[in-house]
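The block underneath contains the structure these notes are about, expressed in structure tokens.
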Amino acid sequence: MAPLLTKTECNRTAKMKKIAFYSLLFSMVALAASPHGATQNRPPAKLPNIVFIMSDDHAAHAVSAYGSRLIKTPNIDRLAKEGMKFENCFVTNSICTPSRAAILTGKYSHLNGVPVFNHIDGSQPMLQKYLQQAGYHTGMVGKWHLGGNDPKRPDEGKPTGFDYWNILPGQGAYFDPVMIEMGERKKLTGYTTDIITDIAIDFLKNRPREKPFFLMYHHKAPHRNWQPDEKHRKQFEKLIVPEPATFNDDYKGKSDAARQATMRIDQDLNDNDLKMKPPEGLSGQELKKWKYQRYMRDYLACVQSVDDNVGRFLDWLDKNGLAENTIVVYTSDQGFFLGEHNFFDKRFMYEESLRMPFLMRWPRKIRAGSVSKGMILNVDFAPTLLDAAGVKTPADMQGLSFLPLLEGRGPRRWRAAMYYRYYHPGHHNVAAHYGVRTANYKLIYFNKLDQWELYDLRKDPREMRNVYGDPAYVKMVEELKKELYRLKKELKDDDQFANELPKDDVG
């Protein structure tokens, strides 16, 4: 028999029930009054601010946190020292505009409608819209590169879901850029990397203090044609840059795709890239080496400017007491070749192009100096940031939240393979292809050429030996093809753009 309650205990119990009843009632009334009704996710007690810093074409192997032999990036490295470094972050379509669309939508190119350099459909659901609905003050500053830069078609591809936006038109200029602020074009004076940082800081200074903020802070640098400011140019003008081990790849055993591509250091870097004509009398290997040094000095100088500005931005967060509850991400829109396989640019599924830098600091959640080897993709960024903000991943997003990896409690089962697809038939003549990468192997199918490549990443991490026709790998080929077509089906890639690609018009 349960013990009897005293009169005092009965009164206290009745009072607690009454409080609980009215608390529940007020919660229901507040939820009903919400513009999103009962579908709104319940946010954490204090939402984290979010800053998403992205550069353009910044290879992971040009970040010293990833062991670069080329450059020191102490400010970007701060995010690794004070947060987490992801060692296996990959892009699903290694080209600027499609990657940006995948990041915003959490979907692959064949479903978000941006497989090449085409405008994004701004009416579709995107990361910033969900965060805006969750109470965030949202901003986009810098390189957008998804459209919205044509005065005759101002609504095509323009940023949507942002309370404030100030973007470069198309690729933008390195010096004295035109920027489009909330639809109005303005000519600014100075170096674009500095200007974008100034505007990003001004966005935070002028934000409403009662709301958490979400800022996409995107640099143009170090995109082609790699124009550093004078300070950083002089810093690198006498540097002798080490050549990569695969600098003289002759593509023996590879498909025709590598030989057909027009992104070679020796043949395809032009006078505009180099800012001068080569010295007279240089030819062959000497000319190739000279071009590589010119290319890399300017590229690294642009990276150094980004690093300095990231440091300036992080210092501002620290001085204004915002670091503790602000998620800061640093990434690039994809990887980049820095002379590997005699290439510059990206597009291929080879490692230097496929791999992205991804560093995240969040002092309240992430242990300083953490490293994750979990395989993450650019389609995972949106689900993860929404998860951090207490917003459930929308059912149509294809990416996964890797929040458990941030907290050091990896899920029981995590992604063991990733799917890649590149469509572009034009620029640099890189053949269309798709493929699968696991921890140890990479299988690539150049579908227009009907040719295959297979790399054993344990024995050949530099991808110099195509073992697709090797009898020792017959069973592995069979397994990887099975996984490739499983992923293709699971991700609903029904060759939507097999016959016709959207108009390539972002610029």
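Structural remarks
- Residue count, region 206-245 (criterion: buried (at least 22 other Cβ atoms within 10 Å of the Cβ) and within 19 Å of the chain's Cα centre (by Cα)): 10
- Residue tally, condition in contact with a Gly (Cβ under 9 Å, 6 or more places away or on another chain) and either touching a residue at least 60 places away in the same chain (Cβ under 8 Å) or more than 18 Å from residue 159 (Cα to Cα) (or both), over region 93-102: 3
- Checked against (1) under 21 Å from the mean Cα position of the chain (by Cα); (2) over 23 Å from residue 69 (Cα atoms), residue 275 passes all but a single condition, namely (1).
- Among the residues of this structure, residue 464 does not count as one that is under 15 Å from residue 102 (Cβ atoms) and not aromatic (Phe, Trp, Tyr).
- Flag if residue 486 is basic (Lys, Arg), part of a helix (DSSP H, G or I) and surrounded by 13 or more Cβ atoms within 10 Å (Cβ to Cβ): yes
- Some residue of region 425-444 being in a loop (DSSP other than H, G, I, E, B), over 25 Å from the mean Cα position of the chain (by Cα) and modelled with pLDDT of 95 or more: no
- Helices (runs of 4 or more DSSP H) fully within region 89-161 counting 3 or more residues that are out of contact with any helix residue (DSSP H, G or I) (no Cβ under 6 Å at 6 or more places or on another chain), within 22 Å of residue 400 (Cα to Cα) and not aliphatic (A, V, I, L, M): 96-105, 127-133
- Criterion violated by residue 288 - all others in (1) out of contact with any Gly (no Cβ under 9 Å at 6 or more places or on another chain); (2) crowded, with 20+ Cβ neighbours inside 10 Å; (3) touching a residue at least 60 places away in the same chain (Cβ under 8 Å) satisfied: (3)
- Residue within region 396-411 that is surrounded by fewer than 16 Cβ atoms within 10 Å (Cβ to Cβ) and in contact (Cβ under 8 Å) with a residue 60 or more places away in the chain present: yes
- Any hit, region 224-241, residues being in contact with a Phe, Trp or Tyr (Cβ under 6 Å, 6 or more places away or on another chain), of a type in the set (Phe, Trp, Tyr) and under 27 Å from residue 306 (Cβ atoms): yes
- Test result for residue 492, exposed (fewer than 13 other Cβ atoms within 10 Å of the Cβ), out of contact with any Lys or Arg (no Cβ under 8 Å at 6 or more places or on another chain), within 30 Å of residue 119 (Cα to Cα) and in contact (Cβ under 8 Å) with a residue 40 or more places away in the chain: yes
- Criterion violated by residue 336 - all others in (1) more than 27 Å from residue 82 (Cβ to Cβ); (2) among the hydrophobic types (A, V, I, L, M, F, W, C); (3) touching a Lys or Arg at 6+ places or on another chain (Cβ under 7 Å) satisfied: (1)
- Of all residues in region 163-196, those satisfying the criterion of being surrounded by fewer than 14 Cβ atoms within 10 Å (Cβ to Cβ), within 28 Å of residue 232 (Cα to Cα) and without any contact (Cβ under 8 Å) to a residue 24 or more places away in the chain are 176, 186, 187, 189, 190.
- Yes/no for residue 160 being β-branched (Val, Ile, Thr) and closer than 30 Å to residue 232 by Cβ: no
- Among residues of region 162-179, those that are out of contact with any helix residue (DSSP H, G or I) (no Cβ under 9 Å at 6 or more places or on another chain) and either closer than 30 Å to residue 321 by Cα or of a type in the set (Phe, Trp, Tyr) (or both), counted: 2
- Residue under evaluation residue 467, criteria (1) at pLDDT 95 or above; (2) in a loop (DSSP other than H, G, I, E, B); (3) under 23 Å from the mean Cα position of the chain (by Cα), criterion not met: (3)
- Of the residues 198, 176, the single one that is of a type in the set (D, E, K, R) and at positive phi is 176.
- From the list 371, 379, 391, the one residue that fits, being β-branched (Val, Ile, Thr), touching a residue at least 24 places away in the same chain (Cβ under 8 Å) and in contact with a strand residue (DSSP E or B) (Cβ under 8 Å, 6 or more places away or on another chain), is 371.
- Any hit, region 197-205, residues being surrounded by 22 or more Cβ atoms within 10 Å (Cβ to Cβ) and in contact with a Lys or Arg (Cβ under 8 Å, 6 or more places away or on another chain): yes
The values are calculated or read from the model by the stated rules, or taken from the named source; none is laboratory data. Owing to the predicted nature of the structure, the values given are computational and were not obtained by experimental measurement. Glycine also receives a Cβ, built like all others from the backbone with ideal geometry; neighbour counts cover every protein chain displayed.
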